[in-house]
Each structure stands twice: as structure tokens, then as C-alpha cells.
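The next block holds one structure in the form of C-alpha cells; read it before the comments.
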Amino acid sequence: MNYPVYCLRFDRTGRYFITGADDFLLKVFYLGAGQSFLVCTLRGHAGVINDIDVSWDNCFLATASDDGDVRVWGLKTGCPIAILRGHKGGANMVSCQREEYNKTAPGQFVFNDLIDEGVKLLSKYQHGSIQEEHHGPGTRSRRGAINVICVARCPLGKQFVTGSDDAIWIESKPLLKLMGHVSTITDLAYSNAGDRILSASQSDGVVRLWNIGIAALAGSGDKSVFKDKRVTQIVIKLTNPFSKQPSQPTRRRKGSAARNASSKPGSQFLCLWDSKSGQCLIGISGAHTLNCQVVIPHPMDASIFCTGSIDGTVKVWDWTQGKCIFSHRNKVELGPPDPKKPSFAGYLDGSFSPDGSAIVLTDECGQITVLDSISKEDNPPNSGNSLKWMREQYFANDYYDLAYDRNGYCIERGSGRPPHLAP
């Protein structure tokens with residue numbers, strides 16, 4: 001059974017990483033010196049795992065799924081802590097608070113009276129309210145609800161930004177509404193200083209850099225102030241120089257469609273931009289032969305970044321030289337050979353370890369590739385070797401049937417015990 005693995009996240013120590021896949025399972029792996037192995041499987045979701053995040057104190061794991069639930073797990077024991085329900089169309093993303101909760105000791109908030117009485121919903125924000133301006137036939141304002149596609153949290157405070165198919169909202173309480181994209185907003189990111197937001201639409205190939213001027217927290221409260229209420233933006237239109245048509249990147253789950261799409265050699269670009277001026281610093285043509293789904297910067301060296309593509313290759317680049325310094329081909333090595341399917345597996349997600357010593361990538365065939373990023377033996381012209389570990393790792397009860405109650409908690413049908421306690 002080859003299930004695509006859509007998301008991956010390291011814990012705060014860098015010794016463990018967690019994957020979420022199309023088989024509704026979360027798997028926790030240990031990454032050690034020269035080896036890696038499966039530690040446990042977390043079962044409970046009834047839909048595809050879309051996103052993963054780890055709490056700042058490394059005690060908890062939060063996961064979002066197509067079943068509409070956000071589940072919180074104990075990272076050390078794998079036990080379920082809470083189930084957050086209410087999303088009707090599936091939960092796309094999840095993000096944990098980046099600071100201590102109410103300035104208590106790490107993990108202490110789990111034992112207060114709020115958890116004893118159940119999880120408390122603090123607030124709910126609705127995109128596309130019918131009270132918006134410009135009412136009229138055919139306008140977005142007539143829709144009762146609009147899909148929220150992506151979320152990013154400000155690194156300085158409690159503000160966060162949400163992107164949908166109507167506009168960008170900056171919210172703690174709603175602070176700003178940024179409009180300009182004509183298509184669905186699919187990606188968002190804050191600058192490390194918290195004063196700029198990058199938004200992107202994969203449908204129209206447009207990237208916008210918003211200068212919102214958020215300052216540090218004012219006084220002793222939690223309120224952030226704006227240096228300048230005039231929001232400015234830089235618009236970057238991404239086009240394919242080898243084609244008269246604008247480039248149309250695909251969502252990460254469209255791996256098969258991306259592979260089947262026509263692509264000329266050299267048509268896949270990598271571009272590095274200045275986030276203040278919007279100037280393109282370097283462009284690398286022919287980086288991949290198919291769509292590039294993974295772009296990850298090195299956590300320690302700003303000149304190094306890694307890319308992974310649907311064409312089944314991962315490459316490490318030095319942008320100061322504009323060249324590839326490492327390349328690895330992801331061959332399908334498990335399962336019976338099928339002449340109708342390609343011999344390589346496209347990458348879907350990836351991450352450097354926190355110290356930058358390893359690269360972990362997931363693909364559409366259920367494989368996980370772990371590469372040593374500092375070993376001298378893997379420099380070109382070699383194609384690169386993965387760390388040694390068992391080829392197939394799973395537990396016998398990973399796919400045993402589960403029975404759910406009306407609150408979303410489950411037990412294993414065979415043993416009658418919760419999945420994390422089942423033998």
C-alpha cells in the first residue's frame with residue numbers, strides 16, 4: 001500500500017520527525033546518527049492529514065485533517081489530549097501558539113480547569129460576511145462563507161494572517177483587510193521582523209509583498225501598533241519565459257496531473273527575490289523538468305536551499321554561485337514493478353532538521369527519504385545516498401478498524417482499547 005505522504009514536521013529537538021499521509025495515519029520517527037526508525041503510529045483521524053505543528057514547549061502535537069477535526073496529542077506518549085471540532089469543509093492548516101501560554105511553565109496549561117471542563121473556543125472569524133460593502137449580483141459579498149486556504153502567524157506577537165478566495169485578513173481581532181489578488185490566495189508567510197507579509201496565488205501566478213509596518217508589542221499589553229497605517233505592496237508577476245502563457249503551478253496533491261502536464265526541458269525556474277524591493281536577485285533555469293513542490297531554506301546557512309520536484313529529484317543549491325551542489329534521484333524501490341507507472345516518485349514535502357545536518361522528504365508513493373546534508377561522501381559527482389535504515393517500517397495494527405463515539409474519540413474494534421494503548 002503506497003499512500004502519498006503530504007506533510008512533515010520536526011519536533012523542537014530535531015531528534016524526531018512526524019509525517020501525515022493519505023492513509024489517515026501519523027507516524028513518529030526517530031532520527032539518530034546514521035539510522036532512523038519508526039517509534040509509534042498515531043491513529044484517530046478519519047481523513048487525509050493536511051498539516052502538522054508542534055507546540056513551542058515540545059509537549060504536544062497538533063494535526064489538521066480532511067475529516068474536519070484538529071487533534072492534539074501528547075508527543076511523548078502518543079495519547080490523545082483533545083479533539084477540536086467545528087470545521088465543516090475539512091481543516092487545512094494548524095498552528096500552535098509560539099509563546100508560553102499565560103506565562104505559565106511549559107505544559108502547565110494542560111492541567112488547568114479549562115481542560116478539565118473541555119476545550120474552549122476563544123473566537124471564530126468568518127470570511128465573506130454578507131455585511132461587507134459593495135453588495136450586488138455576482139459579487140463575493142453575497143456568499144455566506146468563503147474557504148480559508150492558508151494561515152500564517154506573526155513571529156512577534158499574537159496576530160495571525162489568513163488567506164482565502166476573497167482577501168487577506170490580519171487578525172487578532174480583525175485588524176486589516178488586504179485586497180488585490182484576483183484569484184484564490186494559496187500561500188502566506190510573515191517576514192522574521194513581522195513587518196511584511198508575502199502572499200501568493202497559484203492560479204494567476206502573482207506574488208504580492210505587503211509592507212504592513214507592525215511594530216513590537218506596545219507597553220505591557222498584548223496590543224501591537226502600526227508604524228504607518230498606509231499599507232504598501234510590491235507585485236511580482238511570475239511568467240514562464242519559454243511560453244506565452246502565464247505559469248500555472250498546481251496544488252501539492254496534484255502530483256499526477258503535474259507529471260502528465262506537458263513540460264519543455266528547462267521550463268522549470270527557481271527565482272530568488274529581494275523581499276524589500278521585489279527585485280529578482282538570481283534566476284536558475286532548467287532546475288527541474290516538472291513542477292517543484294518543495295522549496296526549503298537551510299536553517300543555518302542563508303546561501304543554501306533545497307528543492308524537491310514531481311520529477312523525483314531533490315537538489316541542494318548555493319544561490320551565491322547559482323549552481324546545484326548536490327542532487328539525488330528518488331527511485332521507487334518498494335512494491336512490484338509496474339511498467340505503466342514511472343520508476344521515480346515525486347516529492348510532496350520536506351524539511352531540514354533544526355541544526356541543518358539532515359534533509360527529510362516525503363513523496364507520493366509513501367516513501368520517506370532521509371539524506372545526510374553534511375557528509376563529504378555525498379558530494380557530486382555521486383548521486384547521494386540515504387541514511388541506512390529498514391526499508392519498510394510499520395506496526396501490525398496500523399490499519400485495524402476503529403470504532404468512534406459521537407465526540408470523535410475511538411477504540412480499536414479488536415482489542416476494545418484506545419489506539420495508543422492497544423497491544
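Every read-out reported here was derived from the displayed coordinates using simple, explicitly stated rules and does not represent laboratory data. Worth saying up front: this structure is predicted, and the values here are computed from it rather than measured. So basically every Cβ, Gly included, is an ideal-geometry build from the backbone, and we count neighbours across all protein chains shown.
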Exercise. Near the amide H of residue 293, under 5 Å away, which other amide H atoms are found, from residues 5 or more places off or on another chain, if H is placed in the peptide plane?
Worked result: 308, 309, 310
Problem set entry | Residue-wise HN-Hα coupling along the range 402-418, computed from phi with Karplus coefficients 6.51, -1.76, 1.60 (Hz; x: Gly, Pro) | 10, 10, 10, 9, 5, 8, x, 6, 9, 9, 7, 4, x, 8, x, 10, x
Exercise. Can you list residues whose amide H is under 5 Å from residue 176's amide H, if they're 5+ apart or on another chain and H is modeled 1.01 Å from N?
Worked result: 170
Exercise. Which far-off residues, 5 or more places away or on another chain, put their amide H under 5 Å from the one on residue 21, with H placed in the peptide plane?
Worked result: 6, 49
Problem set entry | Calculated FRET efficiency for the pair residue 271/residue 231, C-beta based, R₀ 35 Å, to 0.05 | 0.90
Seminar exercise, completed: Set 88/331; 237/323; 27/88; 177/276; 276/323; 27/331, cut-off 32 Å on Cα-Cα distance; pairs above it are 88/331
